[in-house]
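Notes follow once the structure below has been shown.
The values are calculated or read from the model by the stated rules, or taken from the named source; none is laboratory data. Treat the numbers as computed from the prediction; the structure is a model and nothing was measured. All Cβ positions, glycine included, derive from the backbone under ideal geometry; neighbour counts span all protein chains shown.
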Amino acid sequence: MWTLRDRERVAKLVPAAVERGYIRITTPLVEGLVRAGVTPNALTTIGALIIAASAIAYGAGAIRLGGWLILASGVLDTLDGQVARRSGQASPFGAFYDSTLDRVGDGACFIGIAAYLQRAPEVRWRQEAVIACMLGILAALLVSYMRARAEGLGLDCKVGIAQRAERILLLGLPTALIGAGPEALVLTSIVGVLTILSLITVGQRFAYVHRVTARTGA
C-alpha cells in the first residue's frame with residue numbers, strides 16, 4: 001500500500017514542520033474566533049471577498065496591494081478549517097462551499113494579472129506572460145480537481161510540490177514586497193514559475209493515483 005511515509009517523500013515547498021508551527025501560532029486566534037461565535041462559512045466568505053479584491057488590485061496595476069491582499073486571504077483560508085474543526089461545525093456543505101470559493105479565487109487572481117499584463121506599458125514578454133496566466137488557471141484548477149476526484153474514489157490525494165498554500169505564498173510574497181518589477185519581469189517570472197510548478201503537481205498527483213490504484217488492484 002502507498003503509505004503516509006511514501007506521500008511525505010513527495011517534496012513540498014512548505015515543509016510539514018513549518019505548517020505545524022503555523023498551526024501552533026494561530027491556535028490562540030482560532031480559539032478566540034470560536035469564543036466570539038465566528039462561523040467557518042463567514043471566514044470563507046470574507047476570505048473570498050479579499051481575494052476578489054486582490055484580483056481587482058492586480059488588474060488595476062496595484063501589484064503590491066494585490067500581493068498583501070492575497071496573503072491575507074491565505075491566512076483566512078487556513079483559519080476557516082481550524083475554526084470548523086475546533087467548534088464542531090465542520091460539515092459537507094462547508095467543505096463544498098470552501099472548495100468552490102477557493103477555485104473562484106485561483107482563477108480570479110490569474111485573470112487579474114493577465115488583464116494587467118495585457119494593457120500595462122513596457123511589458124517585455126507580454127504575449128508569453130498572458131499565455132502563462134491561461135495555463136496557470138488550467139493547471140491550478142486541475143490540481144484541485146484531481147484531489148477532489150481522487151477523494152471521490154476513496155483516495156487521499158494531497159501530494160504535490162505546489163498546493164494551494166504554496167501557490168498563495170509564491171504569488172503573494174514577492175508581489176507584496178517587490179511589485180511587478182521593471183518591464184513586469186518579476187511578475188512575469190512568478191507567473192511562469194507558478195505555472196510550471198502547478199503542472200509538475202498535476203503530474204505528481206497523476207502518478208500517485210496511478211501507483212495507488214495499481215498496488216490495490218483497483
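A quick yes/no check of all residues on (1) modelled with pLDDT of 90 or more; (2) in contact with a helix residue (DSSP H, G or I) (Cβ under 7 Å, 6 or more places away or on another chain):
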site	(1), (2)
25	no, no
34	no, yes
63	yes, yes
70	yes, yes
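On the basis of being modelled with pLDDT of 90 or more and surrounded by 15 or more Cβ atoms within 10 Å (Cβ to Cβ), does residue 105 make the cut?
On the way: modelled with pLDDT of 90 or more: no; surrounded by 15 or more Cβ atoms within 10 Å (Cβ to Cβ): yes.
Considered against the rule, which asks whether it is modelled with pLDDT of 90 or more and surrounded by 15 or more Cβ atoms within 10 Å (Cβ to Cβ), residue 105 comes out as no.
Of all the listed residues (211, 215, 149), the sole one being without any contact (Cβ under 8 Å) to a residue 40 or more places away in the chain and more than 23 Å from residue 110 (Cα to Cα) is 149.
Results for (1) in contact (Cβ under 8 Å) with a residue 40 or more places away in the chain; (2) of a type in the set (Gly, Ala, Ser), shown as yes or no for each residue.
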position: 140; (1), (2): yes, yes
position: 170; (1), (2): yes, no
position: 177; (1), (2): yes, no
position: 181; (1), (2): no, yes
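Yes or no: region 80-97 includes at least one residue that is in contact with a Lys or Arg (Cβ under 9 Å, 6 or more places away or on another chain), in a helix (DSSP H, G or I), at negative phi and modelled with pLDDT under 90.
Kept after step one, since they are in contact with a Lys or Arg (Cβ under 9 Å, 6 or more places away or on another chain), are these residues of region 80-97: none.
No: zero hits.
Yes or no, residue by residue, for (1) at pLDDT 90 or above; (2) more than 14 Å from the chain's Cα centre (by Cα); (3) assigned to a helix (DSSP H, G or I); (4) more than 20 Å from residue 66 (Cα to Cα):
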| position | (1), (2), (3), (4) |
| --- | --- |
| 123 | no, yes, no, no |
| 134 | yes, yes, yes, no |
| 158 | no, no, no, yes |
| 167 | no, no, yes, no |
| 176 | yes, yes, yes, no |
| 187 | yes, yes, yes, no |
| 196 | yes, yes, yes, yes |
| 209 | yes, yes, yes, yes |
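When the test is whether a residue is within 21 Å of the chain's Cα centre (by Cα), surrounded by fewer than 16 Cβ atoms within 10 Å (Cβ to Cβ) and more than 30 Å from residue 178 (Cβ to Cβ), residue 84 does not pass it.
Yes or no, residue by residue, for (1) surrounded by 14 or more Cβ atoms within 10 Å (Cβ to Cβ); (2) closer than 18 Å to residue 103 by Cα; (3) not charged (D, E, K, R):
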| site | (1), (2), (3) |
| --- | --- |
| 163 | yes, yes, yes |
| 168 | yes, yes, yes |
| 192 | yes, no, yes |
| 199 | yes, yes, yes |
| 203 | no, no, yes |
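Of all residues in region 28-45, which are touching a residue at least 24 places away in the same chain (Cβ under 8 Å), assigned to a helix (DSSP H, G or I) and either within 14 Å of residue 84 (Cβ to Cβ) or among the acidic types (Asp, Glu) (or both)? Residues satisfying the conditions are 30, 31, 33, 34, 40, 41, 43, 44, 45. Is one or more of the residues making up region 111-120 under 17 Å from the mean Cα position of the chain (by Cα) and buried (at least 19 other Cβ atoms within 10 Å of the Cβ)? Checked region 111-120: at least one residue is under 17 Å from the mean Cα position of the chain (by Cα) and buried (at least 19 other Cβ atoms within 10 Å of the Cβ). Within region 59-70, not a single residue is in a helix (DSSP H, G or I) and touching a Lys or Arg at 6+ places or on another chain (Cβ under 6 Å).
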